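To start, the structure under review is shown below, and the notes come after it.
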Amino acid sequence: MDHTFETSTPMEPSPGIAPNAKYVKHGSDYSGEDLRLTDTDLAFLEQIRRIDFDMHCQEKGNISQMWPWASARIGRIAWFVERVSATCDSGFVGRLDGHGRILELIETSLGRFYYDVNVLNGKVLDAELGLTLDHYRVPPSVQLFFDVYERHAIGQYGPQYFTPHPANYTPDCKRFLWQSFNELIEMIREGAVAYGLDKMRIANTLRPTRAFNSMMKVVNRCFTKHRRIFVICMDVFYRVEWADKVSVGLAKCHHADFVNRLRGLAKIRGNLIGAIWKLDWAESKGHYFRWILMFDGDSVHATWEYEELVDRLWKEVVPKNAGETHLLNDAEHTKAGTGMIDLDESFGKFDIFVESIIRYFAQKDQMLSIKREPGTRTWDWLMPGH
């Protein structure tokens with residue numbers, strides 16, 4: 001196969017580098033594997049940025065120090081691991097003389113990640129501020145990288161381990177840094193096999209697929225009963241000063257009380273066709289619940305009355321001055337899929353509702369979520385009379 005290269009740069013002679021040695025940067029195609037983002041990559045990055053925004057940005061404009069670094073880090077590492085898994089390349093190819101000195105060092109497409117701080121910093125987002133991804137559940141490929149990272153020398157020395165030029169020696173002077181980076185790549189490949197990464201990916205996809213299918217049964221049952229449905233999306237949560245004080249167990253107790261009171265209201269029994277709720281977490285909200293409320297479109301045409309009803313009920317069940325609610329019908333990612341959905345006039349809006357709201361509900365935990373106890377129920381549905 002023909003290889004094209006961008007630059008060939010002389011290296012300064014040293015005990016590890018032979019005279020006239022060259023550092024070669026790969027151009028467009030080293031072994032059939034380039035670094036262009038695919039449509040799947042772009043969709044993943046867009047979805048995980050939305051999740052990150054939900055977790056780390058308050059609606060009133062206060063932005064967490066985690067944003068947007070959590071999604072940027074996860075997206076970049078996932079991309080790196082996918083590129084490693086898709087090729088047999090090493091990061092660097094070195095040619096040595098009889099004295100073990102470098103004659104030529106070629107940087108392949110994977111070698112570019114040697115300089116990528118969004119990969120080499122691992123789960124640490126800001127060491128000085130103590131911002132890490134330790135408390136988050138991440139995709140299997142990213143968790144694999146974190147595990148390998150800790151076993152490799154970079155886990156001991158930190159991201160500064162790969163700061164010197166790859167032609168330099170490792171701190172123990174036993175090999176070159178480019179060889180150590182190649183070892184990191186091989187450890188990822190070996191870990192992918194040992195961990196059964198492909199099976200982990202499938203399992204990580206099956207859970208949200210099952211959730212999506214179950215949610216769609218509820219949605220389809222509602223739209224079978226009524227072809228005109230008015231959709232309201234709301235968050236019920238805790239004020240920021242309570243966010244880190246309420247455990248998930250206490251939040252679920254408050255929410256159970258809220259659901260029981262909601263079911264008991266005549267206005268709900270008369271006009272609510274069905275609802276789906278999702279347990280989530282946000283830095284400014286703590287453990288909170290996102291609701292999709294589907295009302296009879298012949299009777300309900302506006303949000304204000306039910307927005308006030310939900311707000312009042314939630315604030316009655318949580319401690320005084322602890323509760324807060326937020327209407328999402330005008331939010332960026334939900335506006336187009338909320339409000340009136342008439343299957344006879346705007347079936348396309350139903351598709352938007354399914355893709356931007358229902359699928360997001362079902363899939364978000366597979367990409368980024370707070371760590372919880374195994375088996376924690378994170379969603380359910382409600383239909384008056386059931």
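The values are calculated or read from the model by the stated rules, or taken from the named source; none is laboratory data. For clarity, every value in this text was computed on a predicted model and none was experimentally measured. As a convention, Cβ positions derive from the backbone with ideal geometry for all residues, glycine included, and neighbour counts pool all protein chains shown. Just the protein is used for accessible areas: all its heavy atoms, side chains included, with ligands, DNA and RNA removed. Shrake-Rupley method; radii C 1.70, N 1.55, O 1.52, S 1.80 Å.
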Excluding ILE102 itself, calculate the net charge of residues whose Cβ lies under 12 Å from the Cβ of ILE102, where each Lys or Arg counts +1 and each Asp or Glu counts -1.
+1
State the Cα centre-to-centre distance between region 333-347 and region 81-158 in whole Å.
45 Å
I want the local charge near LEU125. Using Cβ-Cβ distances under 11 Å, sum +1 for each Lys or Arg and -1 for each Asp or Glu among the other residues.
-1
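Add +1 for every Lys or Arg and -1 for every Asp or Glu among the other residues with Cβ under 12 Å from the Cβ of LYS371, and state the total. Mind dumping the intermediate values first?
Details: positive: ARG137, ARG372; negative: ASP134, ASP365, GLU373.
For residues surrounding LYS371, the net value is -1.
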Distance (nanometres) between label positions extended 7 Å along Cα→Cβ at ARG263 and LYS199:
3.9 nm
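Percent relative contact order of region 45-199, based on C-alpha pairs within less than 8 angstrom and at least six residues apart?
With pairs under 8 Å counted, the relative contact order is 21 percent.
Quick one: ranking HIS99, HIS152, HIS301 by accessible area, 1.4 Å probe, largest first, what do you get?
Details: HIS99 155, HIS152 5, HIS301 110 Å².
My answer, sorted largest first, is HIS99, HIS301, HIS152.
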Would you mind giving the three semi-axes, in whole Å and largest first, of the ellipsoid equivalent to region 208-348 according to its Cα gyration tensor?
27, 16, 14
Ignoring everything except DSSP H segments at least 4 long, calculate the 222 nm mean residue ellipticity for the chain; use -39,500 (n - 2.57) per segment, divide by total residues, nearest 500.
-12500 deg cm²/dmol
With unit charges on the beta carbon (Lys/Arg positive, Asp/Glu negative), name the residue among ILE273, ALA243, CYS253 whose Cα is farthest towards the positive pole of the charge dipole of region 196-321.
ILE273
Going toward the positive end of the dipole of the chain, with +1 on Lys and Arg Cβ and -1 on Asp and Glu Cβ, which of SER346, PHE230, GLY16 do you reach last?
PHE230
Test of understanding: express the Cα radius of gyration of region 185-265 as a ratio to 2.2 N^0.38 Å, with N the residue count.
1.76
Helix 197-225: angle to the longest alpha-carbon principal axis of the chain, degrees 0 to 90, nearest 10?
20 degrees
Once the Cα atoms of helix 304-317 and of the chain are each reduced to a long axis, what angle between those two axes, in degrees from 0 to 90 to the nearest 10, is obtained?
80 degrees
How long are the three semi-axes of the equivalent ellipsoid for region 73-211, computed from the Cα gyration tensor as the root of 5 times each eigenvalue, in whole Å, largest first?
29, 18, 11
First check a/c for region 332-386, with a ≥ b ≥ c the square roots of the eigenvalues of its C-alpha gyration tensor; if it is under 1.5, answer rounded, and if not, answer prolate when a/b is larger than b/c or oblate otherwise.
oblate
As a test of reading the structure, rank HIS226, HIS56 by solvent-accessible area (1.4 Å probe, protein chains only), most first.
HIS226, HIS56
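What is the antiparallel percent of DSSP beta bridges lying wholly in the chain, to the nearest 5?
Values: 48 of 53 bridges.
In the chain, approximately 90 percent of DSSP beta bridges are antiparallel ones.
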Leaving out ligands, DNA and RNA, and with a 1.4 Å probe, what % of the accessible surface on the chain is carbon or sulfur?
52 percent
Sketch the reach of a paramagnetic label on ARG239 as a point 7 Å from Cα along Cα-to-Cβ, and name the residues of region 61-76 whose backbone nitrogen lies under 18 Å away.
61-62
Using only the Cα atoms of region 294-369, build the gyration tensor, take square roots of its eigenvalues as a ≥ b ≥ c, and label the shape rounded, prolate or oblate: rounded if a/c is under 1.5, else prolate if a/b is larger than b/c, else oblate.
oblate
Using a 1.4 angstrom probe, figure out how much accessible area region 221-306 has per residue, in square angstrom, rounded to the nearest whole.
41 Å²
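Rank-order 181-189, 259-267 by packing density, defined as the average count of other C-beta atoms within 10 Å over each peptide's residues, highest first.
On the way: 181-189: 19.8, 259-267: 14.1.
Output ranking for 181-189, 259-267: 181-189, 259-267.
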To the nearest 10 degrees, how steeply does helix 140-151 sit against the main Cα axis of the chain, on a 0 to 90 scale?
40 degrees
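Among the GluC sites (Glu not before Pro) in region 41-150, which ones are in a DSSP loop with at most 10 other Cβ atoms within 10 Å of the Cβ? Mind listing them? Don't skip to the answer; put the middle values down first.
Details: sites: GLU46, GLU59, GLU82, GLU104, GLU107, GLU128, GLU150; in loops: GLU59, GLU128.
Those satisfying the criteria are GLU128.
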Quick calc, the chain, dipole around Cα centre from Cβ unit charges on Lys, Arg (+) and Asp, Glu (-), nearest 20 debye, gives 1300 debye
When a/c reaches 1.5 or more, the comparison of a/b and b/c decides; with that in mind, is the chain rounded, prolate or oblate per its Cα gyration tensor?
prolate
